[in-house]
């Protein structure tokens, strides 16, 4: 979800209020429906859009018209598996003033694949985050992901940097999911909804400062710091997890920031009934 423009007013507001210990709504229910779009705009490295030179395939169609799983490449490993990404959509609750809550997992299963098999280069992700109770608010968005596959070589020949401390980290670049915006206000204060990326196992996140993030993920057979499987080394596909998180805080805005509420609430006017 690309939320930069939407969140501008909320960022100013969130920094200009004080936390309240007495929100009238103690918790909000939520659900996410996020997935990869098989929209013909995806690309394999070195090929035109929709030209499937990397054996790209989509799996597990979800209720957002997108897919939870994306795989690519020709198998060349003991597990006989393609590299793939899998999105876990989470249903849960966010406690007001309770801190960050996981809303999605993006897992990268990084297998060795042949150069001839080709690599995924770009794909669009459709995201839908919904507050389901006690109010109903939907926040949709589409974001592009760019991917750079590094081959399973020794650490001397792999391009850097490799901030995970392993060789030949694969690299994703995507638009940012961070910032805050007002959800709604009652007589005492305002509920502020915030998002962020969080690095799980095998993942390092670098903020590029331009609204994009570079995400490094662990290469296969890199548990010993060397890419590729050496003599006598047990094959270990790389695994990494990128986590998206949300939180809701209740604040009492200062008088001079009340005028910003109208700007911030415009972006959250997209309300939809709870899905049955």
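The values are calculated or read from the model by the stated rules, or taken from the named source; none is laboratory data. Predicted, not measured: the structure shown is a model, and the values here were computed from it. Here Cβ is always computed from backbone atoms with ideal geometry, including for glycine, and neighbour counts include all displayed protein chains.
A few comments on the model shown:
- Where residue 165 falls short, out of the listed (1) at negative phi; (2) modelled with pLDDT under 90; (3) not in a strand (DSSP E or B): (1)
- The single condition among (1) touching a strand residue (DSSP E or B) at 6+ places or on another chain (Cβ under 9 Å); (2) over 27 Å from residue 95 (Cα atoms); (3) surrounded by fewer than 22 Cβ atoms within 10 Å (Cβ to Cβ) that residue 112 does not satisfy is (3).
- Unique residue being within 19 Å of residue 106 (Cα to Cα) and in contact with a helix residue (DSSP H, G or I) (Cβ under 8 Å, 6 or more places away or on another chain) when the list is 175, 179, 127: 175
- For the residues 186, 169, 207, 148, the requirement of being in contact with a strand residue (DSSP E or B) (Cβ under 8 Å, 6 or more places away or on another chain) and either in contact (Cβ under 8 Å) with a residue 40 or more places away in the chain or surrounded by 22 or more Cβ atoms within 10 Å (Cβ to Cβ) (or both) singles out 169.
- Residue within the range 52-64 that is at positive phi, out of contact with any strand residue (DSSP E or B) (no Cβ under 7 Å at 6 or more places or on another chain) and surrounded by fewer than 18 Cβ atoms within 10 Å (Cβ to Cβ) present: no
- Within the range 65-91, the set of residues being within 15 Å of residue 33 (Cβ to Cβ) and surrounded by 15 or more Cβ atoms within 10 Å (Cβ to Cβ) comprises 66, 67, 68, 69, 86, 87, 88, 89, 90.
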